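These notes concern the structure reproduced below.
The values are calculated or read from the model by the stated rules, or taken from the named source; none is laboratory data. Note that this is a predicted model, so its numbers are computed, not measured. When we count neighbours, we look across all protein chains shown, and the Cβ atoms used for this are built from the backbone with ideal geometry, even at glycine.
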Amino acid sequence: MFHDKFPALIAGALGALILGSAAQAQDAVLREVIAGPQRSEAHQARDGARNPHDSLVFWGLKPGQTVVEISPGSGYWTEILAPYALKTDGTYVAGVADLEDPALSDGARRGREAFAAKYADTAVFGEITYAGFGATSKPLGEADSADLVLTARNIHNWMTRDGMLDKVLADFYAVLKPGGVLAVEEHRADPRPEVEGVSDGYVSTATVVAAAEKAGFKLAESSEINANPKDTKDHPFGVWTLPPVRQSAARGETASPDFDRAKYDAIGESDRMTLRFVKPS
């Protein structure tokens, strides 16, 4: 009896070994990119707070994927995702300021130009694809074309503009393939309620989940990877009091040299929710 099952057992063991080896190889590429010289010292210094490896593994990043990053800012994730796409035959799409928006500010336009110049080295970052993103932007790409959409610390901004959150979540849903992932990192208000108008930058998990589910997504899993129990969430200038912004005066006012930063620097970066949503197959 046992001898009859032996070939199947061997095949199963070999299959598991091959899969394990492939997963190790994939992980080695990701770790290599995270440790790579293309990353700025300023971004690397934040890894202890942002946990890039564990976050990307949680969100399901895999070789060969088409990944859309929304509002990449200075490029913390760009410096990882673009080289990873280059090394694994994937595609990195940057959802940046929409040049077709007649209301686009000169500052936003210059910011997009600076971002494109910063990441123009195709030998390092590959051929980055650009998609206009904003309140009136067109689709982020062809329908059902992306494997993963990443938004990090953006949702509180969209909540301050009427209809913006619903609009962008619909855009994310449209561009993702069935089974594709919406990866979310956001400042977390819990356990206390949101401040009216999310003026302090902290959002409740329930708000994010409800908005994503309204767009058609299903919450697959949440993680405490980016939790920070030291964050009391009662700072004088909201979440921006904390690193990396380190605000020391009200917006529009000159930074205060007398502001005691020690307490807030000791807290570190904000307490954040880390969520993985899936577009149903």
(message) I'm trying to understand the selection: among the residues of the range 189-213, which are free of Cβ contacts under 8 Å to residues at least 40 places away in the same chain and buried (at least 21 other Cβ atoms within 10 Å of the Cβ)?
(response) D200
(message) I'd like to verify a number: residues in the range 164-222 that are closer than 15 Å to L275 by Cβ, among the aliphatic types (A, V, I, L, M) and either touching a strand residue (DSSP E or B) at 6+ places or on another chain (Cβ under 9 Å) or modelled with pLDDT under 95 (or both), how many?
(response) 14
(request) Could you grab me the full set of residues in the range 256-267 that are in contact with a Ser or Thr (Cβ under 8 Å, 6 or more places away or on another chain) and under 21 Å from R153 (Cβ atoms)? (result) R261, Y264, I267
(message) Name the residue that is nearest to M159 (Cα to Cα), counting only residues in the range 119-144 that are touching a helix residue (DSSP H, G or I) at 6+ places or on another chain (Cβ under 7 Å) and surrounded by 19 or more Cβ atoms within 10 Å (Cβ to Cβ).
(response) L140
(message) Condition first: in a loop (DSSP other than H, G, I, E, B) and free of Cβ contacts under 8 Å to residues at least 40 places away in the same chain. Now tell me which residues in the range 141-179 satisfy that.
(response) E142, A143, D144, T160, R161, D162, G163
(message) Condition check: assigned to a helix (DSSP H, G or I), farther than 25 Å from P52 by Cβ and polar (S, T, N, Q). Does T207 satisfy that?
(response) yes
(request) Consider S270 carefully, then state whether it is part of a loop (DSSP other than H, G, I, E, B) and within 20 Å of F58 (Cβ to Cβ). (result) yes
(request) Report, by residue number, each residue of the range 214-241 that is within 24 Å of Y173 (Cβ to Cβ) and in a helix (DSSP H, G or I). (result) K214
